[in-house]
Structure formats: structure tokens, C-alpha cells
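Q: Right, I'll just put the structure down here and ask away after.
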Amino acid sequence: MLTSGKYRYRPRKNGNAIEDMRNPISEPTGTARVETEVLVRPLEAPTEAEITELAGLFDQYRAHYGQAIQAGQSASWLRHNLRSGRLAAFIAEMQGELIGFAVTMDVPASLRLGHYWQIRDLFVAPSRRRLGVARVLLDGIHSSATAAGALRLAVQTEVDNAGAMRLYEECGFTPVEGYRGLALPLVPDEGGYREAIPPRHRVRPSRRRKCVR
């Protein structure tokens, strides 16, 4: 079951602009200014218009990681995976504007005979970064995963992405030590091999913190 709701955050002054350029979810530092409402909701049975709008932001996300963008490709991929139930998407909106998204996957947990949620993608529009949007998205995902009976949340990120690491750890995620991800490309010039690496971080319920401040 996916749950939706309104979450309130306080935009903050911009921090390190250089970090913003490399970190697609760069989060706030500094002093609060004014209060603005952000709506986070899951895309349940997404309409064609919702998929098209999400695809526009998804193209920015893929371009950030150096992927070539072709018209219609992201929309087709999202349409297939969201409508088939293979993936779920959460979107963040402010005054009707789509400003961020997260994509999750429900993964069987064989040893525990349960399931957990993996956060596959998380992105905030460049003009809306350092406002706390990623924290609001993570809080909405946490609420929905808990309601769905998931055992944990998992996410992976680059080891040198200090901004993302700080965000996840502040939200209760802790590193999982003792494992190494392996991948075997099955097609020529496979550039997305990192997606096959098992999650490197998971959330521990005992350390759960509310991300929205």
C-alpha cells in the first residue's frame, strides 16, 4: 500500500554551489527563510500526462549521469515499469510544479521471508535544490514502506558522494559493511552496471529520525 500526504519544510539559504553541481539531491545548510508547502505523493495508476511530466525530469536526471537523451525513451520506460508494478514512483510538487521524484522497488527478502524497499533513483530539479525536498521525499517513502510492511529501506550511492551520504545518514541509514557488489555486463557497452550492485546502505528502525526539519 502506498500512502500520500502533505509535508512542510522550510527553504534554506544556498550552501556550496560546487557541491550542488555534482550532487543531484544536494541538501540544505544555513538559516531558514520562509515556510513553503511541498506535496509528496505516490503515482498510483499514473496518467499519460503524469508520465510525460515525470519523464521530463527523469531525462534531466539521466543527463546528469551522462546518459544520451532521446525523445520518448524515458516516457516509454517509465510507462512500462510503473504500470506493470515493477517500480513505484513518488513525486514532490510545490504549487503545482513537479520539483523532484524518487523511484522505489519492492524486493523479496528470502532469508526473512518478507520484503524490503530499495530506493532506486532520487532527483531534485536543479532550481529547487538545497530546500529540503529530498528529505521530504525520503520521509514519504519511509511512511509508505512502513505501511506496506517492509522490513527496511535500502539505497546505494557513490562512496565519494559526501552530500548524499550525509543526507542518508541523517535520515537514519547506516553503512552495511562486509559486502562487495559484483556485476556481469550482458550486452556490449553496458554503462548502467552500477545499478546491479546490491544496496550498500539500509535503515535501522532503532535509529529512525524524521528527515523533515
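Computed from the coordinates by the stated procedures, all read-outs in this text should not be read as laboratory data. Computed from a prediction, not measured in an experiment: that's the story for all the values here. Heads up, the Cβs are rebuilt from the backbone with ideal geometry, glycines too, and the neighbour counts pull from every protein chain shown.
Q: Filter the GluC sites (Glu not before Pro) in segment 95-187 down to the DSSP loop ones having no more than 13 other Cβ atoms within 10 Å, then list what survives.
A: Details: sites: GLU97, GLU158, GLU169, GLU170, GLU177; in loops: GLU158, GLU177.
In loop regions of segment 95-187 (DSSP not H, G, I, E or B), the sparsely surrounded GluC sites (Glu not before Pro) are GLU158, GLU177.
Q: Among HIS142, HIS115, which comes first, second and so on when ranked by fewest other beta-carbon atoms within 10 Å?
A: Exposure proxy ranking, most exposed first: HIS115, HIS142.
Q: If you rank THR47, THR52 by fewest surrounding Cβ atoms within 10 Å, what's the result?
A: THR47, THR52
Q: Next up: How high is the FRET efficiency from ALA147 to ALA71, r the C-beta distance, R0 35 Å, rounded to 0.05?
A: Numbers: r = 37 Å, r/R0 = 1.05.
The value I calculate is 0.45.
Q: Further question on the same structure: Using DSSP to call loops (not H, G, I, E or B), can you name the trypsin sites (Lys or Arg not before Pro) in segment 65-163 whose Cβ has at most 12 other Cβ atoms within 10 angstrom? Mind showing how you got there, number by number?
A: On the way: sites: ARG79, ARG83, ARG86, ARG112, ARG120, ARG128, ARG129, ARG130, ARG135, ARG152; in loops: ARG86, ARG112, ARG129, ARG130, ARG152.
Qualifying residues, ordered by number: ARG86, ARG112.
Q: Let me ask another. At 7 Å along the Cα-to-beta-carbon direction for both THR47 and ASP189, put a label point, then send me their distance in nm to one decimal.
A: Here the modelled spin labels are 3.8 nm apart.
Q: OK, next. So if I take the centroid of the Cα atoms in segment 123-178 and the same for segment 69-89, what is the distance between those two points in Å?
A: 22 Å
Q: Using 0.36 nm per residue, how much length does the chain from ARG166 to HIS64 gain when fully extended, once their Cα-Cα distance is taken away?
A: Numbers: separation 102, 0.36 × 102 = 36.72 nm, distance 2.00 nm.
Length gained, ARG166 through HIS64: 34.7 nm.
Q: Moving on to the next point. Taking amide hydrogens as modeled 1.01 Å from N in the peptide plane, which residues meet the under 5 Å criterion relative to ALA125, leaving out close sequence neighbours?
A: Those lying under 5 Å, H to H, from ALA125 are GLY100.
Q: Taking θ = phi - 60°, what integer Hz values does the Karplus form 6.51 cos²θ - 1.76 cosθ + 1.60 yield along segment 157-168, in sequence order, with x for Gly and Pro?
A: Coupling constants for segment 157-168: 8, 5, 5, 9, 8, 4, x, 5, 4, 5, 4, 5 Hz.
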